[in-house]
Amino acid sequence: MALGSLLEVTQIQHLPLVLTSCFLVWYFRLLIHALFSPLRTVPGPLLARFTRLWYFQQVYTGRFPWTNIEMHKKHGPVVRIAPNEYSIDDPSAVKALYGHGTAFTKGPWYDGSTNLKDQKSNLFAERDPESHAAERRKVASLYSMSTLVTMENGVNDCIALLEQRLGELARSRKPINLHWWMQCYAFDVIGSITISKRFGFLDSGKDPMDLTSGMDDFLTHAARIGVYPELHPIIFKLGKWAGPNGIIRAFIFTRKQIHEYKAMNKFLEGKVEEEAFLPRLLRLHQAKPDIVTEEDIMRTCAINIVAGSDTTSISLTGVLWFLLRNPEAMEKLRAEVDDKYSSGEIGDPISFADAQKMPYLQAVIKEGLRLHPAGGLPLSRVVPKGGATIARHFFPEGAIVGINAWVAHRNANVFGDDVEVFRPERWLEDENNAHKMERYWLPFGHGSRTCLGKNMALMEISKLIPQLIRKFDIELADPEMKLETRNVWFVKQTNIIVQIKQRTL
């Protein structure tokens, strides 16, 4: 037998021993960490002490938001969800974890949201604070309230078209899927605001560009692979056979829209004060091509489309669901809207500025987003050098901690003993208490990493809710209906079927 063949056989014979040794080393490291970690007393599932499989299984099956709530009810402000990852429910931790200037950085879960074909990470997934700040400065002004209100006419057009479609459906007396029509509205608004044209959802009540399936693919992949981010590069290479295909499709779609717009040269002619994101970005690129690059334009538009549709439609549906389940709140809001319209204080459609001055409307929106925030997972952060004390526990450098809005918003010490009750009045009863609640109200995150699209979403919600309440009677098709959701990253409503009738005004 040749020496090479002999060595090959020997290597094969020893392979089981090598693999067994590697497994034992890995197992004993986990065991030592579980037995001697300063956080070994933190409660949580036994499996979560040794592996991320428990957390993955919860995310995969969609049970995590409810499980996370029950864990904190049972064990208190700190619970374990993985060997080195902890869920926190403590209002005093918000500033430390998410406040401006914090040393805590985004956790590795966010790596699952990156497009590995792009040289830079997107603003949402960027974990380096300095890189994030530099990229955010390029586009932050576009998301400001003063800029967004100049785009309000595009939102008005979408509201008018939605009212037209709902009027047709009301006359047909056919029940409708409430969330789907909220998604149609959100997609067309984000198209109008981002690339100066609607995507056509409201024209037909269908998805003419197959956008929703791509978004679902991406969001599902990102949520699950974020638990094991080291596998993201491997899965990403599988392309169309795996979840990353969704974000690739979103970027391809966005690039196509940008090329079509540039070919028309509209951005050279339009009035700046009436323009959407894309023409404004193109002007910035034209003036400073080294600072605002073509890839910056593409990333900004793509993240608007990916992040700005599902979150807004879920939030809108959540607010309407709780109004439908609470007729007294519905009538109280309708009275506010009707009174303001009769007195001439608001127009048709209502402006964002006027909607913000309606106290009960804003309380309804806050309460709806409290009970049903779009995201159902913790906003994970890495403990910085030197460690940190959070909720009376010392966490060493490198530990991962985070607050889940679904948990935070049910903290009785902050929101009262009736945390499961939809009661908008809680936001209006005491100013000091309202400020206390707002500090632990996290549907859009907090601090320097607050969702850039927060103002955009609030504009869409604040303008549409009063229009629907004023012009339509909406009822659940089944008064005994129990809410069903599909939970991966977002907690998306799936079964809210309603009957609508036009009101006589």
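The values are calculated or read from the model by the stated rules, or taken from the named source; none is laboratory data. Since the model is a prediction, treat every value here as computed from it, not as a measurement. Note: ideal-geometry Cβ built from the backbone for every residue, glycine included; neighbour counts use all protein chains shown.
Odds and ends about this structure:
- Residue in segment 429-447 that is at pLDDT below 95, buried (at least 20 other Cβ atoms within 10 Å of the Cβ) and either farther than 24 Å from Gly154 by Cβ or hydroxyl-bearing (Ser, Thr, Tyr) (or both) present: no
- Options Phe490, Phe395, Phe415, Phe422: the member that is in contact with a Leu (Cβ under 8 Å, 6 or more places away or on another chain), more than 30 Å from Asp128 (Cα to Cα) and of a type outside the set (S, T, N, Q): Phe422
- Candidate set: segment 19-58, residues that are in contact with a helix residue (DSSP H, G or I) (Cβ under 6 Å, 6 or more places away or on another chain), modelled with pLDDT of 90 or more and of a type in the set (A, V, I, L, M); chosen: the one nearest to Gly402 (Cα to Cα): Ala48
- As a summary of the residue check, Ala434 satisfies the conditions (1) hydrophobic (A, V, I, L, M, F, W, C); (2) without any contact (Cβ under 8 Å) to a residue 40 or more places away in the chain; (3) assigned to a helix (DSSP H, G or I); (4) closer than 24 Å to Gly107 by Cα except for the one numbered (4).
Listed here are the residues, each with its yes/no results for (1) closer than 18 Å to Ala186 by Cβ; (2) of a type in the set (Lys, Arg); (3) buried (at least 21 other Cβ atoms within 10 Å of the Cβ); (4) at pLDDT 95 or above.
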{"residue": "Thr450", "(1), (2), (3), (4)": "no, no, no, no"}
{"residue": "Met459", "(1), (2), (3), (4)": "yes, no, yes, yes"}
{"residue": "Lys463", "(1), (2), (3), (4)": "yes, yes, yes, yes"}
{"residue": "Trp489", "(1), (2), (3), (4)": "yes, no, yes, no"}
{"residue": "Gln499", "(1), (2), (3), (4)": "no, no, no, yes"}
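- Of residues in segment 65-117 being surrounded by fewer than 18 Cβ atoms within 10 Å (Cβ to Cβ) and of a type in the set (Lys, Arg), the one farthest from Glu130 (Cα to Cα): Lys74
- The number of residues in segment 38-52 being surrounded by 14 or more Cβ atoms within 10 Å (Cβ to Cβ) and either closer than 22 Å to Thr389 by Cα or in contact (Cβ under 8 Å) with a residue 40 or more places away in the chain (or both) comes to 6.
- Any pair with Cβ under 8 angstrom, 6 or more apart, that starts in segment 306-331 at a residue that is crowded, with 24+ Cβ neighbours inside 10 Å and ends at one that is hydroxyl-bearing (Ser, Thr, Tyr): Ser313/Tyr185; Leu316/Tyr185
- Inter-residue pairs, beta-carbon under 9 Å, first within 16 Å of Ile69 (Cα to Cα) and in segment 410-431, second assigned to a helix (DSSP H, G or I) and of a type in the set (Val, Ile, Thr), 6+ apart: Arg410/Ile69
- Residues that are among the charged types (D, E, K, R) and under 29 Å from the mean Cα position of the chain (by Cα) were ranked within segment 333-362; the one that is surrounded by the fewest Cβ atoms within 10 Å (Cβ to Cβ) is Lys357.
- Odd one out for Trp180 among (1) at pLDDT 95 or above; (2) surrounded by fewer than 23 Cβ atoms within 10 Å (Cβ to Cβ); (3) out of contact with any Ser or Thr (no Cβ under 9 Å at 6 or more places or on another chain): (3)
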